[in-house]
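The values are calculated or read from the model by the stated rules, or taken from the named source; none is laboratory data. Bear in mind that the values here come from a model prediction, so they are computed numbers and not experimental data. Here the Cβ is made from the backbone with ideal geometry for all residues, glycine too, and neighbour counts use every protein chain on show. Side chains included, ligands, DNA and RNA excluded: accessible areas come from the protein's heavy atoms. Shrake-Rupley method; radii C 1.70, N 1.55, O 1.52, S 1.80 Å.
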Amino acid sequence: MLDHPVASPTPSAGTAGTEPQTFTGNRGLAIEEMLIFEIGRDDTTGVDLPEPPRVVSRLGKLERAAPIGLPGLSEPEAVRHYVRLSQKNYGIDTGIFPLGSCTMKHNPRLNERMARLPGFGDIHPLQPLSTVAGAVALIAELSRWLSELTGMPAIAMTPKAGAHGELTGLMAIKAALGARGERRSVVLVPEPAHGTNPATAALLGYRVEALPARADGSVDVEEVRKRLSPDVAALMLTNPNTCGLFERDVVAIAEAVHAAGAYFYADGANFNAIVGKVRPGDLGVDAMHINLHKTFSTPHGGGGPGAGPVALSASLAPFMPVPYVMGSDAVGLPSHYREHPGPGSQSLGRICAFHGQMGMFVRALAYMLSHGVDGMRQASEDAVLNANYIRASLSDLMSPAFGERPCMHEALFDDSWLEGTGITTLDFAKAMTDEGFHPMTVYFPLVVHGAMLIEPTESESKQSLDQFIASLRGLAKAAKSGDVARFKDAPHLAPRRRLDETKAAREPRLRWTPSGPHRQAAE
Ligand SMILES: *Cc1c(COP(=O)(O)O)cnc(C)c1O
């Protein structure tokens, strides 16, 4: 353990100012952590196993001649490495996570407890159906709740994320058009839409036509009418839209779309703003995905599992992917179950193995049952209230994108208030990191210059919002008073400074190569 190198990577912060340089690269209790390959040795292991008995190798010349190069660490070294890395992370359990269009709300621990019940947590997708009747009944029950909340008759539960739900919904639309003997080739997508909308349409071979939005990001029904033609398969619309505003013309838009023989796809990622208040089915929606990991508080981010069930209107219900469960009889068992498209079925088939994300289903239903419909309605109201509190509390210093107009669940600012300061939206976001906050969503939606999209969700207390607001006000004043260095060099206090994210994405270095001669254990 002697010659473990001292941290060599660029010391994170504190190079400016009066802070001392430490010998370790650590800063107080913030430990500088190297790659596991740098701290591990390839000739040792954390477990002490007896020599294997002599075996006759049957691998012949395929036998490995040199060590595989995996880092060997003792158990405490391995534990420390991963715990330290986890401490560099920021999550909803650490503090406010105001990332717009993401609904980063608290994941109630009750839900976690339910998801770990052995009857849900330990089952296997290949178990015979008769041994998992309770899990199947839970899927049916959750789909009944989703059906109630959306006002739509059928819920395809299997899609595994919002984008996957979009794909499933558009596949159902394509299948429905096919069943009518039509091949339409265009999908209309408003300019401020989430990138997954045009990507999904393009993946299915549709030509995406961008629908210009009004200044406030909303869609003009007249513009929709102009673009509709017998070649338009669907319109994809987000409501509330990605600018955080409710689409007021949504019913007229749905009617126009239907009159042209097309389908109305709603991106339901922002459902958290309207649960218990508005049923999308009543607005004329034909298909809408629901991000359980946003609206219904199941964990997301960091590559964790999502779940994106799709609500389908009566006209699209026959095209439901399999497997599905629906309805329940007197004792709560599903009355309708289909594993394979039967003869004559119009089902679009299977879009993923098995039944979807069981753990997410359990969490979402636990959230619904513990809140009740009144609680979910209140959560939506509080989410909208919190966003408006932030908008109103910052709008004298920062520029709200749509003036005094109240927002839904997220507050959107543009960068006009930074004009002349030499500070950009990105600089401002990086300075928020120094304050201990995850930044808001920046530069999205694209229709707003230098956008800053803040979604506090209902989980934040007034105290937490007030602290967030006070920090942003402090930063905004610093920006306006010309304290440019605070922003241009930010973050000063994070484990790493600014990373070249574009370069990292374009030229990923996925292989670690040792810089010096290979180290041996110092035992
Ligand atoms: C999050 C989001 C999506 C995509 O959902 P994923 O679960 O990340 O695939 C689509 N549209 C909008 C508006 C979103 O916010």
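Of note:
- Taking packing as the residue-averaged number of other Cβ atoms within 10 angstrom, the listed peptides 276-286, 54-64 run from highest to lowest as 276-286, 54-64.
- Shown is the FRET efficiency for residue 231 and residue 191, computed with R0 = 25 Å from the Cβ-Cβ distance and rounded to the nearest 0.05: 0.80.
- The calculated FRET efficiency for residue 214 paired with residue 182, based on their beta-carbon distance and R0 = 35 Å, is about 0.70.
- Selection from 101, 311, 416 lying farthest towards where the dipole of the chain points positive, charges on Cβ: 311
- Sequence ranges 218-228, 135-145, ranked by mean other-Cβ count within 10 angstrom, highest first: 135-145, 218-228
- Of all accessible heavy-atom area on the chain, the percent that carbon and sulfur account for (1.4 Å): 57
- Packing-based ranking of 78-91, 354-367, 462-475, 424-437 yields 354-367, 424-437, 462-475, 78-91, ordered from highest to lowest mean Cβ neighbour count within 10 Å.
- Rolling a 1.4 Å probe across the protein heavy atoms gives the stretch 373-506 an accessible surface of 45 Å² per residue.
- Linear extension gain, residue 148 paired with residue 513, 0.36 nm per residue minus alpha-carbon span: 125.9 nm
- Near residue 175, once Lys and Arg are set to +1 and Asp and Glu to -1 for all other residues with Cβ below 14 Å from its Cβ, the sum equals +3.
- Toward the positive end of the charge dipole of the chain, with +1 on the Cβ of Lys and Arg and -1 on the Cβ of Asp and Glu, the farthest Cα among 201, 470, 484 is that of 201.
- The residues neighbouring residue 432, those whose beta-carbon lies less than 13 Å from its own, together hold a net charge of 0 under the Lys/Arg +1, Asp/Glu -1 convention.
- Ranked from largest to smallest solvent-accessible area, with a 1.4 Å probe on the protein heavy atoms, 34, 452 come out as 34, 452.
- Three-way shape call for the stretch 328-472 based on the alpha-carbon gyration tensor, with the a/c threshold at 1.5: prolate
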